[in-house]
Amino acid sequence: MVMKTVNMHKGLTLTWMGVAGIYLTDGITGLLVDPYVSRFGLFHILSGLSLRPDRKRIASWIGSQGAGDVRAVFVTHTHFDHAADASDFALALDAALVGSKSTAILGAASGMRDERINILPPGEEYHVGEFSVRYLESRHGPILGNRYLYPGEITPPLRLPGPAFRYREGGTFSLLIRHGGVKLIHHGSAGYLPGMYSGIEADIVLLGLAGRGDTHAYLENVICPVGARIVIPLHHDNFFRSLVGKKTFPLLPGIRLEEFRKACGVLPAPTRVVEPAVNEPVSLRDLLDRP
Ligand SMILES: [Zn+2]
C-alpha cells in the first residue's frame, strides 16, 4: 500500500508527445491521451495508403520515456492523428483503451480483447490509480470553412490496417482529468459547444490550435469559463513530419502561434502560455507553484 500524502500532485508530470498526445504520470500510475508517433507523411495520407502503426517507434517511445506505468489509453476522437496508434500503445503496455463507440470498434479491429476496451459515456468517471477522467461532449475544429474531413462514426466491419478515411471522427470529446486536487482539461480539437464548460473549473488547459478559426471566441468559450491559469498549446506541430531524434518540431502551416500567444496575454484573468519541448517531461507542481 502506497502512503497518500497531502501533496498529491507531487511528482505529477506531463509529457507532450506531439499532435494532441500527452503522457501523464504520478510516478506510480500513468495514462496516455491520443498518443500518435507513427506520423504518416502527407503523401501517404493523400494516396490512400494503409496506416500500419509503427510498432518499433511505439516500443522505442515507451522505452525512452520509461512509460511502463501506463494503465489506460484515452482517445478524444478517432481521426488517424489522434487514434491510429492508440490500440497499439494499449497492446504494448497491456493497458485499457478508453473512448467512444468508434474507439471501441477501432480497438477490436486492432486485435484488442473486449475486456480491455471501455466505452466511456460523457459525464461518467473513469478511475485509474489516483487519476479520474471524465469525457465532455465537444465539437471538432472547423478545418475547411465549417467542415472537416471524415465526419461520422466508425461502423463495423472495420478492416485494419486501412487508409485515413476509415478513421472517421466518432464524436469529439474533451477530457477533464483530476489528480489529487489538480484539474486539467485536454481540449484536443479546436471546436467547442457553447456552455460546455459551465460549472467546470481547471488549473491547466491543454488546447488544440489547428483549425481554430477566431482565437478570441475560442479562448472566451474554453479558457475563460474554467478559469485556467495555464494554457499549453497542442496540435500545432506539423504531424505529417517525423519527430524521431528531434527536440524541436515544425509548425503546421498557418497555425498563427504568435497571434495565439498575444490573445492569451489580453484575457481578463492572468493566463500563462507554457510551451513544453516535445517528449520532455514537465513537473506540474513546478508549473502550478510558480506565481
Ligand atoms: Zn480530427
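Per-residue extension of 0.36 nm, minus the Cα-Cα distance of His127 and Lys101, leaves a gain of 7.5 nm for this segment. Coupling constants for region 169-183 follow from the phi torsions by the Karplus curve (6.51 cos²θ - 1.76 cosθ + 1.60, θ = phi - 60°), and in residue order they are 4, x, x, 10, 10, 9, 10, 9, 10, 10, 8, x, x, 8, 10 Hz; glycine and proline get x.
Residue order for Ile58, Ile204, Ile119, fewest other beta carbons within 10 angstrom first, comes to Ile119, Ile58, Ile204. Full extension of the segment from Ser242 to Lys262, taken as 0.36 nm per residue of separation minus the current Cα-Cα distance, would add 4.3 nm. The P(r) of region 13-286 has a tail past 25 Å containing 39 percent of all C-alpha pairs.
Annotation: Cα Rg of region 143-182 relative to the compact-globule expectation 2.2 N^0.38 Å equals 1.69. Computed packing ranks the peptides 17-26, 103-112 as 17-26, 103-112, most packed first, by mean other Cβ atoms within 10 Å.
Inter-label distance, Asp286 to Leu46: 4.1 nm, where each label sits 7 Å from its Cα along the C-beta direction.
Ignoring trypsin sites (Lys or Arg not before Pro) that are buried or in helix or strand per DSSP, and keeping those with at most 11 other beta carbon atoms within 10 Å, what is the longest stretch of the chain between them?
Values: sites that count: Lys4, Arg113, Arg159, Lys247.
So the longest stretch without any such site is 5-112.
Normalised by the residues of region 13-286, what does the relative contact order come to in percent, with Cα pairs under 8 Å and at least six apart? Spell out each step's value before the answer.
Working: 615 pairs, mean separation 52.3, N = 274.
RCO, region 13-286: 19 percent.
Estimated from the Cβ-Cβ distance and a Förster radius of 30 angstrom, the FRET efficiency linking Asp114 and Arg55 is about 0.90.
Once the other residues with Cβ under 12 Å from the Cβ of Gly265 are scored (Lys, Arg +1; Asp, Glu -1), what is the net sum? Charge balance in the 12 Å sphere: +1.
Within the set of other residues whose C-beta is less than 14 Å from the C-beta of Ser198, count the net charge using Lys and Arg as +1 and Asp and Glu as -1.
Details: positive: none; negative: Glu137, Glu201, Glu220.
With Lys, Arg at +1 and Asp, Glu at -1, the neighbours total -3.
What is the extension gain from Leu149 to Ile28, computed as 0.36 nm multiplied by their sequence separation minus the C-alpha to C-alpha distance, in nm to one decimal?
On the way: separation 121, 0.36 × 121 = 43.56 nm, distance 3.82 nm.
This chain segment gains 39.7 nm when fully extended.
How big is D, in µm² s⁻¹, for region 74-185 by Stokes-Einstein at 10 °C and 1.306 mPa s if Rh is the Kirkwood radius over C-alpha pairs? Before the final figure, lay out the partial values.
Numbers: Rh = 14.5 Å.
In µm²/s, the coefficient rounds to 110.
Quick note: the coordinates plus some simple rules give every number you see, no bench work behind them. Nothing here was measured: the structure is a model prediction, and the numbers come from that model. A quick note on method: Cβ atoms are made from the backbone with ideal geometry, for glycine too, and the neighbour counts reach across all protein chains shown.
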